[in-house]
Amino acid sequence: MADLPATSTTLLRDIASDSQHVRWGEFVARYRPMMEAYMRERFPSLDADDVIQETLIAVCAALPSYRYEPEEKGYFHNYLTGILRNKALRQLHKDRRRAEIAEEMRRSLDDAPQCMTNDGRVRSPSALQSVIQSDDEQSWRETLVEIALQQLMNDESIQSRTRQVFLRVAVNGEKPDDVAAAFGIERNAVDQIKKRMMPRLQKIVAALEKAGNI
């Protein structure tokens with residue numbers, strides 16, 4: 001990856017206060033090489049220009065409420081690449097779903113149940129597209145949860161046993177009594193772990209949604 005640019009708090013302050021500020025050119029010149037290198041390394045199949053443009057739009061919307069606190073929240077370049085990563089993942093998902101939708105539309109021409117309504121009428125192309133788009137949103141939501149769960153399972157601040165208990169009872173759907181027996185803990189402890197961990201997972205999902213939509 002390209003060298004990490006030094007953070008200029010005055011630059012961040014200036015462009016946060018004015019979306020048309022002349023220093024936006026300086027910001028792009030400072031951070032674009034890093035973003036291009038990140039895209040080449042992590043998402044070589046995507047159009048980097050499009051993803052970077054969406055990221056810059058998101059940053060423009062987010063900066064007025066952003067506070068640079070590296071000791072607590074990490075460095076700005078990590079914040080920026082976090083948004084870039086979420087935009088890239090969403091684009092990757094969209095590209096995959098476009099291919100799937102095209103295939104579903106093709107198959108639907110030969111699939112009577114798919115093209116017929118419950119009363120036997122032929123489903124209009126727009127209605128069929130609506131059904132597929134609804135499935136697309138559900139699929140994206142599932143992708144967000146998968147990413148959030150991966151982040152949660154990689155959080156080393158959480159005890160390994162706690163993560164594994166949560167994974168088995170909340171994700172794998174195992175019976176709490178069986179999980180408790182497997183780990184030699186009380187059933188109530190399993191319930192408490194699930195109760196503590198679920199809001200953390202939901203918080204990560206919400207953060208991913210915000211980063212993906214701003």
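The values are calculated or read from the model by the stated rules, or taken from the named source; none is laboratory data. Predicted model, so just to flag it, every value in this text is computed and none were measured. FYI the Cβ positions are ideal-geometry reconstructions off the backbone, even for glycines, and counts take in every protein chain you see.
Do any helices (runs of 4 or more DSSP H) lying entirely in segment 113-199 carry at least 2 residues that are at pLDDT 90 or above, among the aliphatic types (A, V, I, L, M) and in contact with an Asp or Glu (Cβ under 6 Å, 6 or more places away or on another chain), and which ones are they?
Values: elements: 125-153, 160-166, 176-183.
Those helices (runs of 4 or more DSSP H) do not exist here; none qualify.
Could you list all residues from segment 7-38 that are free of Cβ contacts under 8 Å to residues at least 60 places away in the same chain and within 20 Å of R85 (Cα to Cα)?
Keep residues of segment 7-38 that are free of Cβ contacts under 8 Å to residues at least 60 places away in the same chain, which gives 8-11, 13-38.
Once the filter is applied, which keeps residues that are free of Cβ contacts under 8 Å to residues at least 60 places away in the same chain and within 20 Å of R85 (Cα to Cα), segment 7-38 yields F27, V28, A29, R30, Y31, R32, P33, M34, M35, E36, A37, Y38.
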